[in-house]
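One structure is given here, and the rest of the page talks about it.
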Amino acid sequence: MAKLQRKLVKNGFRKIRLYDLRHTCCSLMINARNREGGPAFSPKEIPDKIAALINGDGQVINTNKIKLEKLKKTV
């Protein structure tokens with residue numbers, strides 16, 4: 001984790017937790033739209049894609065389930 005922080009600071013970014021990056025990634029995927037204006041990712045795809053990108057602590061799926069429930073209500 002310290003390696004991530006050093007790279008962020010070295011490249012001019014502020015320090016950010018990996019946990020925050022997961023949430024940012026999930027939010028961007030939920031709000032992403034394809035050329036036709038529809039969702040770029042289905043609610044079932046997002047947890048798998050996040051888990052594939054980040055080897056988290058098992059909370060990746062739980063975090064996404066909460067956000068996906070909100071997405072399902074808006075679609």
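What follows is calculated from the coordinates using simple rules that are stated; it is not laboratory data. Just so you know, these numbers come straight off a predicted model, no measurement behind them. Glycine gets a Cβ as well: all are built from the backbone with ideal geometry, and neighbour counts include every protein chain shown.
Table for the structure above
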{"quantity": "Spin-label model distance (nm) - Lys3 vs Arg17, 7 Å beyond Cα toward Cβ", "calculated": "2.1 nm"}
{"quantity": "Estimated inter-spin distance, Ala40 and Lys72, nm [label 7 Å along Cα→Cβ]", "calculated": "2.4 nm"}
